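The values are calculated or read from the model by the stated rules, or taken from the named source; none is laboratory data. For clarity, every value in this text was computed on a predicted model and none was experimentally measured. Counting neighbours? That spans all protein chains shown, and the Cβs are built from the backbone with ideal geometry, glycine included. Just so you know, the surface numbers come from the protein's heavy atoms only, side chains and all, with ligands and any DNA or RNA stripped out. Shrake-Rupley method; radii C 1.70, N 1.55, O 1.52, S 1.80 Å.
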Amino acid sequence: GVQWVERFAGASPEVLRGVRYLERIVNNPNVPVFYRRGVAAELLRAEQRHRAGKLKGVEVQRGRDRVDFVLITDEVVEFKDWTRSYTERHIQHLANQLLRYQRMGLPLILELAQTQTDPITKASIEWLLRELRAAGVSITRDRIRLIRLP
């Protein structure tokens, strides 16, 4: 398996702890392939944030929840590597997750990786925004971002 920790030279202990946690999942053959691919995408995004000097923590425990990234601005990032149709089927799960962060008062960014098949588009972001707001999530369009990964 890929040795992800080596790609995070100079990172803080809070970043490295999370990267090791995710690395164990990615390299575990007992974890379903689709889930490992999503975690690998999360690691790629973490690496981008780290190289840009914006990453404070990965998979950080906040209360009873674990947030994907904490930025140096103390914003939290929820990262999803979901297809459009999967997002539509799991919108309530996503809304509930974001509502938990919102109740903790955490400033939130939602990042959505553009998958190769059935990607989330700008049009589906507008649908997503309406659905999240209808569920009570206080989020603006500029806090939902489409991310391209290598």
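Using a 7 Å offset from Cα along Cα-Cβ at residue 145, what residues in the range 55-96 end up with backbone N under 15 Å from the label point? Counting only backbone N, you get 55-57, 68-81. What distance in nm separates the two pseudo spin-label positions at residue 133 and residue 6, each 7 Å out from Cα along the beta-carbon direction? Result for the modelled spin labels: 4.8 nm.
Summarising the label geometry, the points placed 7 Å from Cα in the beta-carbon direction at residue 102 and residue 73 lie 2.0 nm from one another.
For the options 64, 100, 24, a Gaussian network treatment of the chain with springs between C-alpha atoms closer than 10 Å singles out 64 as fluctuating the most.
Within the accessible area of the chain, what % is carbon and sulfur when the probe is 1.4 Å and the other protein chains stay in place? Numbers along the way, then the final one.
Values: 4050 of 8120 Å².
Looking at the chain in its full context, I get 50 percent from C and S.
When the Gaussian network model of the chain links Cα atoms closer than 10 Å, the mean-square fluctuations of 25, 139, 72 top out at 72.
Remark: the residue 90-residue 28 segment gains 19.8 nm on full extension, using 0.36 nm per residue and subtracting the alpha carbon distance. Over all distinct Cα-Cα pairs of the range 41-150, the Kirkwood formula returns a hydrodynamic radius of 14.2 Å.
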